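Novice: Dumping the structure here so I can ask a few things about it.
The values are calculated or read from the model by the stated rules, or taken from the named source; none is laboratory data. Keep in mind the model is a prediction, meaning the values are calculated, not measured. Cβ coordinates were reconstructed from backbone atoms using ideal geometry, including for glycine residues, and neighbour counts include every protein chain displayed.
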Amino acid sequence: MPFDALTLECFLAVAETGSFTRAAERVSRTQSAVSQQIIKLENQIAKPLFVRNKQLTLTLEGEILLNYARKIIQLNRDAMDRFKQPELQGQVRFGLPEDFASVFLSDILTEYASLHPRILLNIECDLTLNLYERFKKQEFDLVLVKMSRPEDFPNGIDVWSETLEWVGNRDLFELDDQVVPLVLSPQPCVYRARAIHALEKMKKKWRIVFSSHSYAGTIAAVKARMGVTVLPRNMVPDSLDIIRTGQYISYLDDTHISLLKHHGKNLAVNSFEKFVVDKLKP
């Protein structure tokens, strides 16, 4: 019996996410439906594909099938793209902050590239202010930017609003006369401005102990207990603590994320815009 495309899509989603729940979100099916597809596939080959512990892991047979499944799915997508939407070709120039790229970009690009292999994606990371200035000079077709308020970029598509959190060692806030060590990006940065404004409003002393544009560098410095930082809630790694309670913890205003696009009829750009918005909107 030949492999079913939907069954292989579900298998690939579970294998890559390690979760039936996240796989269901990826393929737009219920968790139960995805589970049934995996059982169907295991019955079809008469081999278990996953070790079902706290986290799903592939068996040896699952690893072997994964390689075939990726090739079959890619060929299927290439064929559908060629005959269903042959006009989707060209290039898209996309700019976004480095921290967003570190957390969200890989899965989005992988999935989009597999759906539209004839579209060339040119991606650059930069500070929001630089991205906006270059966007105005027509250097980008699309940019993802951080904002203090939605009205900062009135022509943008409001993708989501995110709660900012203090992240790191709570003890660094505890003493009334203690200088709070901060791990933040250089100016201009929305998170940096939020953190400093909150501390000065509380009349808390602060100093920058580590400054980097790099999300990975920021996380490493906080893990090393050099200081605390500010991050959107959905970008806080599991290995770090969120500091939410206590008389010395100051409230942080939300940050807003917007997508800017030049008006036009470029089908490749419009396609990528819709894909990014659909993937990022909560």
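Every residue, every condition in (1) in contact with a Pro (Cβ under 9 Å, 6 or more places away or on another chain); (2) over 19 Å from residue 100 (Cα atoms); (3) among the β-branched types (Val, Ile, Thr), yes or no:
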site	(1), (2), (3)
208	yes, yes, yes
211	yes, no, no
240	no, no, no
262	no, yes, no
276	no, no, yes
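Novice: I would also like to ask the following. Quick check, is residue 95 of a type outside the set (Val, Ile, Thr), within 30 Å of residue 192 (Cβ to Cβ) and modelled with pLDDT of 90 or more?
Specialist: So residue 95 passes the test.
Novice: Being under 19 Å from the mean Cα position of the chain (by Cα), among the charged types (D, E, K, R) and not assigned by TED's automatic domain parsing to the domain that holds residue 231, is that true of even one residue in segment 46-66?
Specialist: no
Novice: Still on this structure: Looking at segment 107-133, I want the residues that are of a type in the set (Val, Ile, Thr) and have a partner that is in a helix (DSSP H, G or I) with Cβ atoms under 6 Å, at least 6 apart or on another chain. Which pairs are those?
Specialist: Filtered contacts from segment 107-133: 108/279; 119/268.
Novice: For segment 112-136, name all the residues that are aliphatic (A, V, I, L, M), more than 20 Å from residue 191 (Cβ to Cβ) and within 18 Å of the chain's Cα centre (by Cα).
Specialist: 113, 121, 123
Novice: Here's a follow-up. Please state which one of 276, 269, 228 is touching a residue at least 60 places away in the same chain (Cβ under 8 Å) and in contact with an Asp or Glu (Cβ under 7 Å, 6 or more places away or on another chain).
Specialist: After ruling out the rest, the residue left standing is 269.
Novice: Looking at segment 126-136, is at least one residue part of a helix (DSSP H, G or I), under 28 Å from residue 14 (Cα atoms) and of a type in the set (A, V, I, L, M, F, W, C)?
Specialist: no
Novice: Do we have residue 16 as surrounded by 14 or more Cβ atoms within 10 Å (Cβ to Cβ), under 17 Å from residue 71 (Cβ atoms) and not small (Gly, Ala, Ser) here?
Specialist: Spelling it out, residue 16 is indeed surrounded by 14 or more Cβ atoms within 10 Å (Cβ to Cβ), under 17 Å from residue 71 (Cβ atoms) and not small (Gly, Ala, Ser).
Novice: Of all residues in segment 220-279, count the ones that are more than 29 Å from residue 138 (Cα to Cα), in a helix (DSSP H, G or I) and of a type in the set (Gly, Ala, Ser).
Specialist: Adding up the residues that qualify gives 2.
Novice: Pick out the one residue from 278, 241, 254, 177 that is within 30 Å of residue 116 (Cα to Cα) and among the acidic types (Asp, Glu).
Specialist: 278
Novice: Return the total of residues in segment 175-211 being assigned to a strand (DSSP E or B) and more than 28 Å from the chain's Cα centre (by Cα).
Specialist: Qualifying residue count for the region: 3.
Novice: May I pose another question? Here is a list of conditions, (1) at negative phi; (2) without any contact (Cβ under 8 Å) to a residue 60 or more places away in the chain, and residue 203 meets all of them except one; can you say which number that is?
Specialist: With (1) at negative phi; (2) without any contact (Cβ under 8 Å) to a residue 60 or more places away in the chain applied to residue 203, the lone miss is (1).
Novice: Would you confirm, using the coordinates I've provided, whether residue 115 is more than 30 Å from residue 212 (Cα to Cα) and modelled with pLDDT under 80?
Specialist: When the stated conditions are applied, residue 115 passes them.
Novice: Further question on the same structure: With the checklist (1) surrounded by 14 or more Cβ atoms within 10 Å (Cβ to Cβ); (2) free of Cβ contacts under 8 Å to residues at least 12 places away in the same chain in hand, flag the one item residue 21 doesn't pass.
Specialist: (1)
Novice: Further question: Being among the hydrophobic types (A, V, I, L, M, F, W, C) and touching a Leu at 6+ places or on another chain (Cβ under 6 Å) is the requirement here; does residue 208 meet it?
Specialist: Yes: the conditions hold for residue 208.
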